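Chemist: Attaching a single structure in structure tokens format; questions to follow.
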Amino acid sequence: MSRYIVGVDLGGTNIKTAIVTDGREVVAKESRSTDAAAGPDAVMELMAASVTELTAQNNIAMSDVMAVGLGAPGPMNWQTGIVYSPPNLPGWNNVPLADEMKRRLGVPCYVDNDANVACYGEYWMGAGQGAESIVVFTLGTGVGGGIVVFNQLLRGKDGTAAELGHIKVQRDGRLCGCGARGCLEAYASVTGMTRTAREGWEAADTALKDMADGNPEVVTGKMIHEAAVAGDAYAKDVFKETAIWLGLGAASMVNALNPERIVLCGGMINAGDMLFDTVRETVRENAFDVPADRCEILPAGLGGDSGVLGCAGCALARFQEEHA
């Protein structure tokens, strides 16, 4: 009989839960509101309820659940399962999430960083499946990342490895949200793209001005994409500039790690060839020929489920390591 692993991806807005077999079959999924303002105890009760209710609905006894994997925003300690003080979860100060969930559910529980589980999800079941080494860039308001090297998720000694958005790409460059200057995130994220649009706003002849009612502060990534698709030259330049910066970050990963695949996740990948053609060209121009030719640059294969499925995959891997 198949054994089951449950993944629970904790976000500031939603809790996603999935049941997966040890043979990578997705049995069931659900999503519910986090209600983050209620505090950690209430949120953990919701997380536990999502597991017990989804397993019961699918006639699965908790005794048949091998482990539960929990994805949570950092900072955290993945080894102890303690979540320190994530910005989107008020009141979460040194919360022993792994221990608390094990007490509630009665099965082994493992905690990992949300960006790392998304990377592992793509490696385990998505666009990275079948590869030994992949790099994942998650593109949104910021730039997140994850790395798998020879089938092992790279976490780092302190659990802070693969902060790919904070690769330095420009000396004394734009101020990043982390407090440093010149980070990739300040250029290659959606926030970076809108910032690029604002920098050339005054001199630009662009439909974006009408779309934003003349206010550069309300320009969105969606507006830039729509204007670029419609042929707006300025919007196309802004989008390409963003993709070039991302390509430079990807080229650095190709040279540093020699991965088989680089996977791009997040809303920006909906731009398709407009994004990927420029990223691939930039990598070819800036990385060593042999690893650049080997490395495929692909869109995510799991969409919004890479995190929750990655939670299950990470839990399975850690359970098997402990019980080898």
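Chemist: Rounded to the nearest 20 Debye, what is the dipole magnitude of segment 127-301 about its Cα centre when Lys and Arg each give +1 and Asp and Glu each give -1 at the C-beta?
Modeler: Numbers: 16 positive and 23 negative charges, 114 e Å.
Dipole about the Cα centre, nearest 20: 540 debye.
Chemist: I would also like to ask the following. Relative to the Cα centre, what is the charge dipole magnitude of segment 28-99, using +1 at the beta carbon of each Lys and Arg, -1 at the beta carbon of each Asp and Glu, and rounding to the nearest 20 debye? Write out the running numbers ahead of the final one.
Modeler: Values: 2 positive and 7 negative charges, 39 e Å.
With only Lys, Arg, Asp and Glu charged at Cβ, the dipole is about 180 debye.
Chemist: Step by step: find N for segment 191-312, compute 2.2 N^0.38 Å, then divide the Cα radius of gyration by it. What's the final number? Each step should come with its number before you reach the end.
Modeler: Numbers: Rg = 16.2 Å, N = 122, 2.2 N^0.38 = 13.7 Å.
Against the empirical 2.2 N^0.38 Å value, I get 1.18 for segment 191-312.
Chemist: First measure r as the distance between the Cβ atoms of PHE288 and ALA28, then evaluate 1/(1 + (r/R0)^6) with R0 = 51 Å and state the FRET efficiency to the nearest 0.05.
Modeler: Values: r = 45 Å, r/R0 = 0.87.
Calculated value: 0.70.
Chemist: If you average the sequence gap of Cα pairs under 8 Å that are 6 or more apart and divide by the length of the chain, what percent do you get for the contact order? Could the numbers behind the result be given before it?
Modeler: Working: 684 pairs, mean separation 64.8, N = 324.
Relative CO of the chain lands at 20 percent.
Chemist: Can you find, among LEU257, ILE134, ALA161, the residue farthest towards the positive end of the dipole of segment 127-301? Put +1 on the C-beta of Lys and Arg, -1 on that of Asp and Glu.
Modeler: Among LEU257, ILE134, ALA161, the one farthest towards the positive end of the dipole of segment 127-301 is ALA161.
Chemist: Separate question: Taking the dipole about the Cα centre of the chain, with the C-beta of Lys and Arg at +1 and of Asp and Glu at -1, give me whichever of GLY173, ALA72, ALA197 is farthest to the positive side.
Modeler: ALA72
Chemist: Would you compute the Debye intensity of segment 1-135 from its alpha-carbon atoms alone, equal scatterers and no solvent, and pass along log10 I(q)/I(0) at q = 0.12, 0.15 Å⁻¹ to two decimals?
Modeler: At q = 0.12, 0.15 Å⁻¹ the computed log10 ratios are -0.45, -0.70.
Chemist: Ignoring everything except DSSP H segments at least 4 long, calculate the 222 nm mean residue ellipticity for the chain; use -39,500 (n - 2.57) per segment, divide by total residues, nearest 500.
Modeler: Values: 11 runs with 128 residues, N = 324.
Per the formula, -12000 deg cm²/dmol.
Chemist: Would you mind ranking TYR234, TYR110, TYR84 so that the residue whose beta carbon has the fewest other beta carbons within 10 Å leads the list?
Modeler: Numbers: TYR234 20, TYR110 26, TYR84 12.
Lowest to highest Cβ neighbour count: TYR84, TYR234, TYR110.
Chemist: Which value, in debye to the nearest 20, gives the size of the charge dipole of the chain about its Cα centre, when Lys and Arg are +1 and Asp and Glu are -1 at the Cβ?
Modeler: Values: 25 positive and 40 negative charges, 102 e Å.
The calculation lands at about 480 debye.
Chemist: If we count other beta carbons within 10 Å of each Cβ, what is the order of SER31, SER252, SER63, fewest first? Display every interim value, and only then the final one.
Modeler: Details: SER31 16, SER252 19, SER63 7.
The order, fewest Cβ neighbours first, is SER63, SER31, SER252.
Chemist: Hey, another quick one. Using just the alpha carbons, could you tell me how many Å³ per residue the convex hull of segment 219-272 encloses? Kindly include the intermediate steps, with their values, before the conclusion.
Modeler: Details: hull volume 4.4 nm³, N = 54.
Enclosed volume per residue, from the Cα hull, is 82 Å³.
Chemist: Have a look at ASN113, ASN286, VAL218 and report the one farthest towards the positive end of the charge dipole of the chain, computed about the Cα centre with Cβ charges (Lys/Arg +1, Asp/Glu -1).
Modeler: ASN113
Chemist: Also, quick follow-up: For the chain: lysine pairs with Cα atoms under 19 Å, gap of 8 or more or different chains, count?
Modeler: Values: LYS16/LYS29; LYS16/LYS102; LYS209/LYS222; LYS209/LYS236; LYS209/LYS240; LYS222/LYS236; LYS222/LYS240.
Lysine pairs, 8 or more places apart or on different chains, close enough: 7.
Chemist: Taking 1 over the mean of 1/r across every pair of different Cα atoms in segment 154-194, what Kirkwood radius in Å do you get?
Modeler: With all distinct Cα pairs of segment 154-194 included, I get 10.6 Å.
All of the numbers you see were taken from the coordinates with simple rules; none came from a lab. Quick caveat: nothing in here was measured; it's all calculated off a predicted structure. We place every Cβ from the backbone using ideal geometry, glycine too, and count neighbours over all the protein chains shown.
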